[in-house]
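Participant: Okay, handing you the structure first.
The values are calculated or read from the model by the stated rules, or taken from the named source; none is laboratory data. In this text, all values refer to a predicted model and were calculated from it rather than measured experimentally. As a convention, Cβ positions derive from the backbone with ideal geometry for all residues, glycine included, and neighbour counts pool all protein chains shown.
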Amino acid sequence: MTEKKIRKFYIETYGCQMNFSDSEIVASILSDEGFEACLDLHEADIVLLNTCSIREHAEDRVRKRLHYFRSLKKKNPGLTIGLLGCMAERTKIALIEEEQLLDIIAGPDSYRHLPGLLESVESGQRGIDTILSADETYADIHPVRLDSNGVSAFISIMRGCENFCSYCVVPYTRGQERSRDPESVIREAKDLFLQGFREVTLLGQNVNSYEWKEGNTTVNFPLLLERIAGLDPRLRVRFATSHPKDLSLELIEIIAKYPNICKAIHLPVQSGSNALLDKMNRKYTREEYLEKIRAIRNCIPGCAISTDIITGFCDETEEDHQQTLELMKEAAFDFAFTFKYSERPQTIAAEQYDDNVPAEIKERRLREIIELQQELSSASNHRDLGETFEVLIEGESKRSDKQYFGRNSQNKVLVFPKTSQKPGEYLKINVKRVTSATLIGEAV
Ligand code: SF4
């Protein structure tokens with residue numbers, strides 16, 4: 001009797017941390033069904049692209065990549081190619097028809113069905129499943145840590161989003177908001193700690209609205225965070241992403257109380273203009289946003305604050321843009337992800353507003369925002385000169401095998417000469433020099 005060949009799969013992930021976490025869930029589901037994960041695309045029998053739709057650019061990258069896969073499939077017609085995630089959910093069958101290359105299309109709530117979809121492909125059909133679920137959280141799946149450094153890991157605590165920011169496609173591609181059973185989250189964090197991991201990042205589209213109800217008990221995000229921080233002081237806890245409207249004083253106080261909850265908050269503002277915030281359906285004003293920044297700075301001295309900014313949204317005037325620049329200075333962001341607005345099909349903005357800011361004006365405003373953020377980030381790094389931070393060693397620096405790199409609680413990368421400590425251990429590092437992106441130091 002000949003043994004059935006084990007089929008190898010390779011996952012390529014695009015977009016946000018949520019997608020990286022989802023790829024680990026997919027790897028777990030397929031591994032449990034006898035498939036084998038591989039890290040070399042050219043060894044794979046099955047190639048899966050876990051995609052993002054949040055910006056046009058993200059989808060363009062995937063389409064370009066599909067051209068390359070077309071050439072691979074010509075050489076190896078038995079190769080199975082699948083599209084997963086938000087782009088699969090958004091485009092559904094249309095992309096199969098356009099590309100004539102894809103064997104599988106699976107949305108973010110369909111990953112448990114992947115083994116069945118792969119079977120359909122083996123029997124000569126295409127495997128398509130883009131049904132969104134009201135309760136799928138993959139709580140019972142133990143993610144396979146793909147390409148892991150063995151030190152830090154993601155834990156997905158909730159799925160979906162119901163905020164319907166007018167520019168955003170996520171509520172349509174990831175469906176209703178649902179939180180995962182807190183006991184399963186705590187178990188996963190504990191297991192990771194026992195395996196040697198020393199940092200977990202709790203993930204959700206809006207972790208601040210995490211809520212689990214059972215009988216008379218309700219667990220909200222501050223309570224969940226507190227329970228994970230209480231597992232072991234050597235386990236660092238991070239989280240992403242926070243919606244400003246839901247960032248509570250209770251959460252700020254919990255972050256301040258536990259040294260192992262990292263002092264870094266990502267709080268996407270998107271715009272500094274009330275007219276634009278209203279049009280974006282963000283449900284807060286610039287004054288309310290700045291009030292939260294003040295509360296963080298008062299309660300958690302030294303906390304890093306980062307943000308997302310979209311420039312050139314529909315009807316944005318020069319004055320709106322100036323208000324964004326002013327807000328950036330007042331908030332003194334340590335870091336920002338900055339984008340030009342690109343219209344996403346199916347969103348409120350696409351249906352109701354004109355994408356009417358000319359491309360060259362978007363470009364110029366983006367340049368001004370980036371330049372200002374570079375100044376703010378540089379000032380933030382210079383404030384760290386001479387300071388000593390506790391750093392979790394993550395691995396060898398890319399530039400030199402004589403150096404390690406790691407992060408401080410504020411999520412800044414530090415590079416320093418190797419010591420007898422190993423990745424996964426903590427070290428106190430004094431900052432001697434700074435570059436635009438890195439702090440360079442020595443152990444004390
Ligand atoms: S909070 Fe707004 S921007 Fe974030 S995922 Fe939900 S709809 Fe999109």
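Participant: What tally of residues in the range 349-390 results from selecting those that are more than 20 Å from Gln270 (Cβ to Cβ) and buried (at least 16 other Cβ atoms within 10 Å of the Cβ)?
Facilitator: 4
Participant: So, in the range 1-28, exactly how many residues are modelled with pLDDT of 90 or more and under 29 Å from His266 (Cβ atoms)?
Facilitator: Total satisfying the criteria: 14.
Participant: Looking only at the range 58-79, count how many residues are more than 18 Å from Asp22 (Cβ to Cβ) and within 16 Å of the ligand (Cβ to nearest atom).
Facilitator: Initially, the range 58-79 is screened for residues more than 18 Å from Asp22 (Cβ to Cβ), giving 60, 63-64, 66-79.
In the following step, the residues that additionally are within 16 Å of the ligand (Cβ to nearest atom) were identified as none.
Residues flagged as more than 18 Å from Asp22 (Cβ to Cβ) and within 16 Å of the ligand (Cβ to nearest atom) within the range 58-79 amount to 0.
Participant: If a residue has to be in contact with a helix residue (DSSP H, G or I) (Cβ under 8 Å, 6 or more places away or on another chain) and either of a type outside the set (A, V, I, L, M, F, W, C) or not assigned by TED's automatic domain parsing to the domain that holds Thr285 (or both) to count, how many in the range 235-244 make the cut?
Facilitator: Start the filter on the range 235-244 by keeping residues that are in contact with a helix residue (DSSP H, G or I) (Cβ under 8 Å, 6 or more places away or on another chain), which leaves 235, 237, 239-244.
When the remaining residues are screened for being either of a type outside the set (A, V, I, L, M, F, W, C) or not assigned by TED's automatic domain parsing to the domain that holds Thr285 (or both), the result is 241-244.
So the answer is 4.
Participant: Filter the range 199-244 for residues that are touching a strand residue (DSSP E or B) at 6+ places or on another chain (Cβ under 6 Å) and not hydrophobic (A, V, I, L, M, F, W, C) and give the result.
Facilitator: Correct list: Glu199, Thr201, Gly204, Tyr210, Glu211, Asn220, Arg236, Arg238, Thr241.
Participant: Among the residues of the range 156-173 satisfying the criterion of being within 6 Å of the ligand (Cβ to nearest atom) and not polar (S, T, N, Q), which is surrounded by the fewest Cβ atoms within 10 Å (Cβ to Cβ)?
Facilitator: Step by step, filter the range 156-173, then rank; the result is Phe164.
Participant: When only residues in the range 290-323 that are within 16 Å of the ligand (Cβ to nearest atom) and within 22 Å of Ala379 (Cα to Cα) count, which is surrounded by the fewest Cβ atoms within 10 Å (Cβ to Cβ)?
Facilitator: Asp308
Participant: If you don't mind, there's one more thing I want to ask. Which of the residues that make up the range 234-245 are part of a loop (DSSP other than H, G, I, E, B) and more than 10 Å from the ligand (Cβ to nearest atom)?
Facilitator: Taking the range 234-245 first, the residues part of a loop (DSSP other than H, G, I, E, B) are 234-235, 241-243.
Hits for the range 234-245 are Arg234, Leu235.
Participant: Where in the range 90-185 are there helices (runs of 4 or more DSSP H), lying wholly inside it, with at least 3 residues that are in contact with a Gly (Cβ under 6 Å, 6 or more places away or on another chain), modelled with pLDDT of 90 or more and not aromatic (Phe, Trp, Tyr)? Even if it seems obvious, please write down each step before you answer.
Facilitator: Numbers: elements: 93-99, 114-122, 170-173.
The helices (runs of 4 or more DSSP H) meeting that bar are 114-122.
Participant: Is it the case that the range 165-172 has a residue that's closer than 28 Å to Pro259 by Cα and touching a Pro at 6+ places or on another chain (Cβ under 9 Å)?
Facilitator: No, there is no match, as no residue in the range 165-172 is closer than 28 Å to Pro259 by Cα and touching a Pro at 6+ places or on another chain (Cβ under 9 Å).
Participant: If we scan the range 415-430, do we find a residue that is touching a Lys or Arg at 6+ places or on another chain (Cβ under 7 Å), without any contact (Cβ under 8 Å) to a residue 40 or more places away in the chain and not assigned by TED's automatic domain parsing to the domain that holds Phe197?
Facilitator: yes
Participant: When the residues of the range 414-439 are narrowed to those that are of a type outside the set (A, V, I, L, M, F, W, C) and in a strand (DSSP E or B), which ends up nearest to Phe197 (Cα to Cα)?
Facilitator: Filtering first and then ranking leaves Tyr426.
Participant: A further question follows. Quick check on Ser53: is it assigned to a loop (DSSP other than H, G, I, E, B), under 20 Å from Asp103 (Cα atoms) and touching a residue at least 60 places away in the same chain (Cβ under 8 Å)? Even if it seems obvious, please write down each step before you answer.
Facilitator: Details: assigned to a loop (DSSP other than H, G, I, E, B): yes; under 20 Å from Asp103 (Cα atoms): yes; touching a residue at least 60 places away in the same chain (Cβ under 8 Å): yes.
Spelling it out, Ser53 is indeed assigned to a loop (DSSP other than H, G, I, E, B), under 20 Å from Asp103 (Cα atoms) and touching a residue at least 60 places away in the same chain (Cβ under 8 Å).
Participant: Looking at Leu223, Leu231, Leu202, which one is part of a helix (DSSP H, G or I), touching a helix residue (DSSP H, G or I) at 6+ places or on another chain (Cβ under 9 Å) and either within 30 Å of Lys92 (Cα to Cα) or not assigned by TED's automatic domain parsing to the domain that holds Asn411 (or both)?
Facilitator: Details: Leu231 fails: part of a helix (DSSP H, G or I); Leu202 fails: part of a helix (DSSP H, G or I).
Criteria check complete, one pass: Leu223.
Participant: Moving to a separate point now. Is it the case that Tyr284 is within 14 Å of the ligand (Cβ to nearest atom), farther than 22 Å from Asp334 by Cβ, of a type in the set (Phe, Trp, Tyr) and outside the structural domain of Gly395 (by TED's automatic domain parsing)? Walk me through how you get there before you give the answer.
Facilitator: Working: within 14 Å of the ligand (Cβ to nearest atom): yes; farther than 22 Å from Asp334 by Cβ: no; of a type in the set (Phe, Trp, Tyr): yes; outside the structural domain of Gly395 (by TED's automatic domain parsing): yes.
Criteria not met by Tyr284.
Participant: Of the conditions (1) in contact (Cβ under 8 Å) with a residue 60 or more places away in the chain; (2) acidic (Asp, Glu); (3) within 16 Å of the ligand (Cβ to nearest atom), Glu211 fails just one. Which one is it?
Facilitator: If we test Glu211 against (1) in contact (Cβ under 8 Å) with a residue 60 or more places away in the chain; (2) acidic (Asp, Glu); (3) within 16 Å of the ligand (Cβ to nearest atom), just (1) comes out false.
Participant: Right, something else. Quick one: is Ser184 more than 16 Å from the ligand (Cβ to nearest atom), touching a residue at least 40 places away in the same chain (Cβ under 8 Å) and within 21 Å of the chain's Cα centre (by Cα)?
Facilitator: Criteria met by Ser184.
Participant: Something else now. Determine whether Glu442 is under 25 Å from Gln195 (Cα atoms) and assigned to a strand (DSSP E or B).
Facilitator: For Glu442, the condition - under 25 Å from Gln195 (Cα atoms) and assigned to a strand (DSSP E or B) - is not met.
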